[in-house]
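To keep things clear, I will list the structure first and then write my remarks on it.
The values are calculated or read from the model by the stated rules, or taken from the named source; none is laboratory data. Just so you know, these numbers come straight off a predicted model, no measurement behind them. Methodologically, a virtual Cβ is constructed for each residue, glycine included, from the backbone with ideal geometry; neighbour enumeration extends over all protein chains shown. SASA here: full protein model, heavy atoms, side chains in, ligands and nucleic acids out. Shrake-Rupley method; radii C 1.70, N 1.55, O 1.52, S 1.80 Å.
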Amino acid sequence: MKRALIVIGILILLVTEVSGVNFSPTVMKLSAPSVILYQFDGSELKIPVTVNGAPASAVMLVYTSDQGASVNKVRNGYLGWHYVNKIDTCVFASQPRQFGLGSNTITWNGKDSDGKYVPMGNYTYYIWAYDNVSAKIPMSRQIEMYAWAKNTIVTQDQDGKALNNPIVYQGQHDNNSSTDETKHNNIKWVVGNDPGDKGLIETCTSSEWNDAGGLAFLPGNYNFFFKCSENNKSMKVIRKWEWIPNGEAILQTAWGDQGEFRYSETMPPGWDSGPGIIIKDDFMITVNGDESGAGVESEVIYVDLADGTEIKRLDISEWYISIEDAEAGGQSNAGPNGWQIRGNKVVTNAFCSCMNLMFDILYEDEGDAVLWANDNGDYTGDHNFEADSAKPWVCNDYNVGPYKYNIAMDENLFSVFPSFDLGAVSFGLFAPDGTGLGYHAFASETAGYKSGIEVIDYGSSYDGYYTSNYSSDTDQFGWFFVGHDSIKGIITVAVSVDENTPAGFSVAQNTPNPFNPSTTISFTIPETGNVKIDVYNAAGQKVDTITQGYMTAGSHSVVWNASDFSAGVYFGTVTYGNLSQTVKMILVK
């Protein structure tokens, strides 16, 4: 009997080890008031922040609001490192602050980064945070966070609905640390699977050519995908394939020219992987940049999704090509070789360059396509910035770090890139307008290899950062989870019914209040001028503009009809010149 019990115990242990446990992380969640009232009187503004899931290193930023139209191709900072165009910009960024679980407070004194008080008005505030305390958690031990393996994370089903479990796809690659199951194959992995179960990998082989970017799936029909490939470092193509689970993909020869769109047939010798493909609406984009350093062109190529013909090209050579860098000991061409899209915004990077930029994929005027660029001069992502550098401030140089193997962007447009060869840091951070926010380290970070970082951020049970673990002495292979979140709201001025500014500008409380469905906002302006009245919801999002135009001095009233809006709290902001006042309005139904 005793021997039998021992055998049963061993069997239980074996079954427990084999069965494993599905990946189920504790996500980080930040919360703070969506609308914050502040008098802009030099007092300390205290913002309550609640942190759930994990402790956090947090940064608070203050941005202009609805002022982007007045920003016209501005360059500033040391060496002109920061370019911004047609977007709201950062006026203040805090140093990282440590938050514990539960209630926290972050403060702002109403000043910009130069120590000057900002004008009274409306501002957007952001709080970005990540877990710098907890150990990484393995999401999968079957796929690799490999520098040259381009990743595609699918978060919606074919009907556009959010997936309960996001899906990671990797373009085929052959790396020394690849598992037998992943060599030479495109890979599919469902986030939430048992990290240790090899049987849950799905593969599909699509080409004997080398991978030059990740996969992009046909909207509405994920049975078909597009992929960039290159042959003997001399030709790049996009091909359309049918995904065959655990089999050979089928080339769709009816698309393009016998299943191909060729977009670079004169590549210089060297190595090149490219950023892959982004699909938006009825077209796709790719890049013909050459990260080997010898090329002299960098273009975003727009291709018709239906027939594989070229639509147009966006020339970004002025950002990624530098003959001067080549003459100074660097290289002329640096990509881009990585990118990610959120909405209409595409952020790009190159592992061998200091340059990062964001462009509007739906641009109308090519001159306004680039929204921000971060070049050498602010330390974040910079090359050859050291005082003793042999090539001072040469941007395009693949012989120095940080090596930025990819870039990832969250829903609030904060971008992160892995930072290798700068010591015990994990990643660099860019704000939504490209402002550099320095380098940050995961728990127990070392100076070891950093091969990539990805983000899942769509309100799922798996939201967070995903990264490699090569800095660890053990448990290195796979994708690992770290908590992350970012939020935003508005900072504005609220007035009571009888409050008047010294300038004679006043806004009365709306009447009736509460109301259904219409309410009147009355105000007085001392002189003729421009007036704009916006309505914000409780999440800090502008939902309506009631009126905008030139008005004469005196008293005015406007009516807001909220028939098309749901019940809740709204804020009506009257802007007159540089002055702004806000009233709280309650819609009941």
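Tabulated data for the structure shown
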{"read-out": "Region 527-564: number of residues that are part of a loop (DSSP other than H, G, I, E, B) and either under 31 Å from the mean Cα position of the chain (by Cα) or exposed (fewer than 14 other Cβ atoms within 10 Å of the Cβ) (or both)", "value": "10"}
{"read-out": "Residues (among the hydroxyl-bearing types (Ser, Thr, Tyr) and crowded, with 20+ Cβ neighbours inside 10 Å) located in region 125-145", "value": "125, 126, 130, 140"}
{"read-out": "Answer from 482, 495 - the residue that is buried (at least 19 other Cβ atoms within 10 Å of the Cβ) and either at pLDDT 90 or above or touching a Lys or Arg at 6+ places or on another chain (Cβ under 9 Å) (or both)", "value": "482"}
{"read-out": "Meets criteria (touching a Ser or Thr at 6+ places or on another chain (Cβ under 7 Å) and either surrounded by fewer than 21 Cβ atoms within 10 Å (Cβ to Cβ) or at pLDDT 95 or above (or both)) for residue 410", "value": "yes"}
{"read-out": "Lone unmet requirement of (1) open to solvent by less than 40 Å² (accessible area, probe 1.4 Å); (2) within 21 Å of the chain's Cα centre (by Cα) for residue 86", "value": "(1)"}
{"read-out": "Flag for residue 86 being farther than 25 Å from residue 457 by Cα and among the basic types (Lys, Arg)", "value": "yes"}
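Every residue, every condition in (1) open to solvent by less than 30 Å² (accessible area, probe 1.4 Å); (2) in a loop (DSSP other than H, G, I, E, B), yes or no:
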{"position": "40", "(1), (2)": "no, yes"}
{"position": "51", "(1), (2)": "yes, no"}
{"position": "59", "(1), (2)": "yes, no"}
{"position": "66", "(1), (2)": "no, yes"}
{"position": "72", "(1), (2)": "no, yes"}
{"position": "103", "(1), (2)": "no, no"}
